[in-house]
Amino acid sequence: MSADAHDMPAGFDATVHAPNRLRICALLDAAGEAEFGLVQKQLGLSASVLSKHATVLMDAGYVEQRKAVRETRQRVWLRLTRAGRDAYRGHLAALREIVGPPPGPAS
């Protein structure tokens, strides 16, 4: 059985939904801002995979990057924008609506 976009609850965001992008958003929502290398290490992604997914999120206006020199090397920090935080949290709410409430304790 396939579901089209009309069957999805409000807030469901296909851009955020991809597993690696969902993980990036979750990490940035919790951290506020994180250095690219830390995100890469925490999520176990290659630099190219992280860069690809971060670019999709940046193109959507969900993530922004800040570049600065630290210890003589250029570093990149990522953070969710307000729109990104709203999209991520709205997507979580939509997923909760899809799966329903958690089961009660076993009797």
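Within segment 1-105, which GluC sites (Glu not before Pro) sit in a loop by DSSP and count at most 14 neighbouring Cβ atoms inside 10 Å?
Answer in residue order: Glu71.
Between 0 and 90 degrees, rounded to the nearest ten: what's the tilt of helix 82-99 against the longest Cα principal axis of the chain?
30 degrees
Run the simple label-point estimate for Arg75 and Arg23 please: 7 Å along Cα→C-beta, distance reported in nm.
2.3 nm
Out of Ala47, Leu95, Ala30, whose Cα points farthest toward the positive end of the dipole of the chain (charges: +1 Lys, Arg; -1 Asp, Glu; placed on Cβ)?
Ala47
Values in this text are rule-based calculations from the coordinates and carry no lab data. Remember, it's a predicted structure, so these values are computed and weren't measured experimentally. FYI the Cβ positions are ideal-geometry reconstructions off the backbone, even for glycines, and counts take in every protein chain you see.
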